[in-house]
1. By how many nm would the segment from Arg439 to Met326 grow when fully extended, if each residue of separation counts as 0.36 nm and the alpha-carbon distance is taken off?
2. Can you give the helix-only mean residue ellipticity at 222 nm for the chain, where every DSSP H stretch with n ≥ 4 adds -39500 (n - 2.57) and the sum goes over all residues, rounded to the nearest 500 deg cm²/dmol?
3. Per residue of segment 100-112, in order, report the coupling 6.51 cos²θ - 1.76 cosθ + 1.60 (Karplus, θ = phi - 60°) as ³J(HN,Hα) in whole Hz, putting x for Gly and Pro.
4. Using the Karplus curve 6.51 cos²θ - 1.76 cosθ + 1.60 with θ = phi - 60°, work out ³J(HN,Hα) for each residue of segment 420-437 in order, rounded to whole Hz, and write x for Gly and Pro.
5. Taking neighbour Cβ counts within 10 Å as the exposure measure, how do His23, His418 sort from fewest upward?
6. Normalised by the residues of the chain, what does the relative contact order come to in percent, with Cα pairs under 8 Å and at least six apart?
7. Taking the Cβ of Asp459 as the center, what net charge do the other residues with Cβ under 12 Å away carry, scoring Lys and Arg +1 and Asp and Glu -1?
8. Expressed in nm², what is the orientationally averaged projection area of the convex hull enclosing the Cα positions of segment 239-323?
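Derivation of every value follows stated rules applied to the coordinates shown; laboratory data play no part. Since the structure is predicted, the reported quantities are computational estimates derived from the model, not experimental observations. Note that we place each Cβ from the backbone using ideal geometry, even for glycine, and neighbour counts take in every protein chain shown.
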Amino acid sequence: MWVTVLAFLVTIGVLVVIHEYGHYRAAVACDVKVLRFSVGFGRVLWRKQRGETEFVVSALPLGGYVKMLDEREAPVTESERGRAFNRKPLKQRAFIVAAGPLANLALAIALYACVNWAGVQELRPWLAQPLADSMAAQAGLRAKDELLAVRPQAGEGDATSDDAWQPVRSMTDMQWLFTKAALRGQDLRLQVHALESENQSGRGTRELTLPLSRIPASEVDGKLLDRIGLAGPYTEPVVDAVVDGGPAALAGLQKGDRVLRINAQPPRDASELRRLIRASQAGGKALPVILQVERAGQVLEVPMLPAMKTVQGQTVPRIEAALGTMPALVEVSHGPLEGLQLAVEKTWDTSMLSLKMLGKMLIGEASIKNLSGPLTIADYAGRSAEMGWVHYLGFLALVSVSLGVLNLLPLPVLDGGHLMYYLFEGVTGRPVSEPWLERLQRGGVAIMLVMMSLALYNDLARLFGAH
């Protein structure tokens with residue numbers, strides 16, 4: 001618990017400081033007097049005067065602000081009017097406002113580059129047996145297929161696709177590339193390698209087509225791989241642990257047993273073995289199963305009766321044993337120039353994907369379940385921190401991109417809203433009138449409250465298993 005809280009506070013603290021520091025440095029560069037640099041809102045917990053700027057840390061850590069000299073907020077002496085924000089040229093005001101989100105995007109590039117240079121252990125794109133009759137199964141994917149590369153499928157009337165093959169180094173790469181293609185309504189050409197096969201014809205490298213264009217944009221979310229039918233990384237059908245007093249332990253199943261068959265059907269991997277166990281029921285009652293296992297060179301039959309257990313709101317048969325070996329891992333790292341280039345590309349792709357997702361949510365083509373709030377951020381911050389500092393930096397980069405993109409949205413209460421005002425001023429030659437500013441601010445606050453409420457609802461729904 002303390003790791004989650006600490007990781008969340010560090011995440012918010014770093015992102016807010018970088019964002020506000022972008023505004024601060026831009027203001028100083030434009031010779032605008034900065035009165036206060038605050039991390040957080042509300043009651044001041046710590047303060048330090050440095051030159052003409054007061055630096056403070058406040059009680060509510062969800063944000064921050066940079067207060068600049070401005071005649072619209074307080075009287076300004078004649079000698080300092082030239083340093084007031086409102087007196088600066090339009091280009092300088094726009095630069096100061098845009099500097100915050102741009103600082104977040106620059107931070108994301110730096111963090112992604114560090115991750116690329118340091119290298120990280122990720123799940124190898126070695127696939128488990130797809131769900132029966134799923135899109136993945138119909139495309140021809142099988143257990144022990146390793147995904148090597150993907151390429152967008154040529155559209156109707158196109159002879160070939162202009163996009164080059166994109167290598168898939170990990171399961172994370174795979175999910176990212178699948179998500180981008182699904183949001184764009186593109187089918188993907190897959191290059192896979194059968195690591196092992198029972199027949200010679202199934203060996204080697206082959207190409208398949210995954211029709212991701214059939215998935216509506218409204219269903220592109222964190223469960224996209226489930227909808228495709230991919231059950232996760234391949235793991236051997238081996239017993240990893242047995243729960244004392246459970247059906248498996250009472251039947252004599254032991255750690256290290258390799259399951260050869262369940263009710264005479266050979267499971268191709270651990271995920272299929274778990275599905276076969278969950279399917280062994282009728283009328284809400286568990287049916288007996290017979291596991292044929294290999295133990296120390298001997299083949300044994302272990303009959304047992306699974307127990308009905310409720311998992312995520314669904315009652316299914318369980319044998320109370322951990323099934324599956326540790327998934328295969330791969331070290332993903334890059335050289336200095338390649339790592340930086342990929343960091344820039346990842347930041348750009350993530351920004352564009354975020355904008356497309358928000359746009360599709362706005363017109364109802366994407367699910368609002370994709371909105372996340374502080375509880376989800378805290379949860380993922382804790383998880384990534386427990387996985388190691390490299391994973392945490394990757395998470396921090398992702399949230400930094402999200403914060404930068406969010407603040408560039410043309411909502412009056414955000415930086416993007418102020419840039420929208422300056423665009424109007426640049427086109428018409430006059431600023432937005434005070435009455436209209438007040439109306440727009442009220443509308444922006446209402447929209448932000450709705451978005452925050454939806455995000456918090458999604459957080460609570462995920463927490464209680466409703467999503």
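1. Between Arg439 and Met326, full extension yields an extra 35.0 nm.
2. Helices in the chain give a 222 nm mean residue ellipticity of -14000 deg cm²/dmol.
3. x, x, 5, 5, 5, 5, 5, 4, 4, 4, 4, 5, 4
4. 5, 4, 5, 5, 4, 5, x, 7, 8, x, 9, x, 5, 5, 4, x, 5, 4
5. His418, His23
6. About 17 percent, as a whole number.
7. Cβ neighbours under 12 Å give a net charge of +1.
8. The orientation-averaged projected area of the Cα hull of segment 239-323 comes to 5.2 nm².
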